Amino acid sequence: MQEAFQLGYSPDEWSALLGYLTDRKGFEPEEIEQAGLAIKRDQGGYYDRFRGRLMFSIRDARSRPIAFGGRVLPEFARDNDAKYVNSPETPLFNKSSELYALDAARDAIAKEGGILVMEGYTDVIMAHQHGVKHAVAVLGTALGDKHVPLIRRFTDSITLVLDGDAAGQNRTMGILDNLLALFVAHEIELKILSLPEGADPCDVIRSHGSDEFRRLLARSVDALEHKINAVTKGLAPGAAPHRSAQAVEAILATLARALP
């Protein structure tokens, strides 16, 4: 997996990469900044963007490195450090139109007849390690219209995997109407897999294996059905009329946006 996904490490130093690229490779600091690997100091000079992190190579569909993601290592974590830091937008990289590991997944996408979209780098790597090789991840953003041309090059079927925590569910519910309208308009099938409460794909696959994950995957539902299930959850015969009315209104609003 380390070789397949080109995993790496950034030393916990302010100019380890800068020094290597300028002294040994002949690049100018301005070029390194433009590539998203260095940050310019207010008082002059530059410093490495990634320090003390496990590094994930972000590549385009032709396996060309275009950006990086870095996860802070516990021994180097400071109180104000973000868990993950990604490359900024550059001439090579637009996070809203790329998918992590698409180059590694493209053959499996054709074989499986669809693409599996997750949230995290480690989720995808764990999936590939256990034979679920049509998995990719978004890059710190939700699925959107800029992903459509990229996805349509490989498939017209998407399964979106939701983490089992409330935050993951809420994030998707907030954009589900837009996704439905977008993918219906482009004739792309969208299904949703909600994982058990508190679980993410990495947890499920590591703890229970790929067979269990594939069983869960087989229970994925159409995105519209997922929305209906979500807004009617907890409603029983005889439920308060206003709650039933709210659920109906939410479903009708989704239909109005999703159907041509």
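At an R0 of 51 angstrom, the distance between the Cβ atoms of Arg215 and Ala185 translates into a FRET efficiency of 0.95. Between the beta carbons of Asp203 and Met55, assuming R0 = 25 Å, the FRET efficiency works out to 0.65 to the nearest 0.05. If R0 equals 41 Å, the separation of the Cβ atoms of Asp165 and Gln34 corresponds to a calculated FRET efficiency of about 0.65. Direction-averaged projected area, Cα convex hull, the chain: 17.2 nm², rounded to one decimal.
What fraction of the Cα pairs in segment 102-155, stated in percent, has a spacing above 12 angstrom? I get 62 percent for the Cα pairs in segment 102-155 exceeding 12 Å. Just the protein heavy atoms count here, and of the accessible area of the chain at 1.4 Å, carbon and sulfur take up 50 percent. Entry comment: accessible area of segment 1-108 is 59 Å² per residue, from protein heavy atoms only and a probe of 1.4 Å. Across the chain, Cα pairs under 8 Å and at least six residues apart give a relative contact order of 13 percent. For Lys25, a cut-off of 23 angstrom between C-alpha atoms picks up these lysines, skipping any fewer than 8 places away in its own chain: Lys40.
Ellipticity at 222 nm from helices only: DSSP H runs of n ≥ 4 in the chain, each -39500 (n - 2.57), divided by the residue count, give -12000 deg cm²/dmol.
Taking 0.36 nm per residue of separation and subtracting the Cα-Cα distance, full extension of the segment from Tyr84 to Glu3 would add 27.1 nm. At full extension, Lys146 and Ile175 could sit 9.0 nm farther apart than now, given 0.36 nm per residue minus the alpha carbon distance.
Comparing Cα centroids, segment 151-212 and segment 76-149 end up 13 angstrom apart.
Counting only lysines at least 8 places from Lys133 when in the same chain, those with an alpha carbon closer than 19 Å to its own are Lys111, Lys191. Modelled label positions at Glu249 and Tyr47, each set 7 Å beyond Cα in the direction of Cβ, lie 5.1 nm from each other. Ser63 label point, 7 Å along Cα→Cβ, cut-off 15 Å on backbone N: hits in segment 1-41? Under 15 Å, as judged by backbone N against the label point of Ser63, lie 1-7 of segment 1-41. Both radii were evaluated on the Cα set of segment 1-129; the Rg over Rh quotient, with Rh as the Kirkwood radius, amounts to 1.00. Over the C-alpha atoms of segment 113-238, the Rg to Rh ratio, Rh being the Kirkwood estimate, stands at 0.96.
The values are calculated or read from the model by the stated rules, or taken from the named source; none is laboratory data. Values in this document were obtained by computation on a predicted structure and should not be read as measured data. As a convention, Cβ positions derive from the backbone with ideal geometry for all residues, glycine included, and neighbour counts pool all protein chains shown. SASA here: full protein model, heavy atoms, side chains in, ligands and nucleic acids out. Shrake-Rupley method; radii C 1.70, N 1.55, O 1.52, S 1.80 Å.
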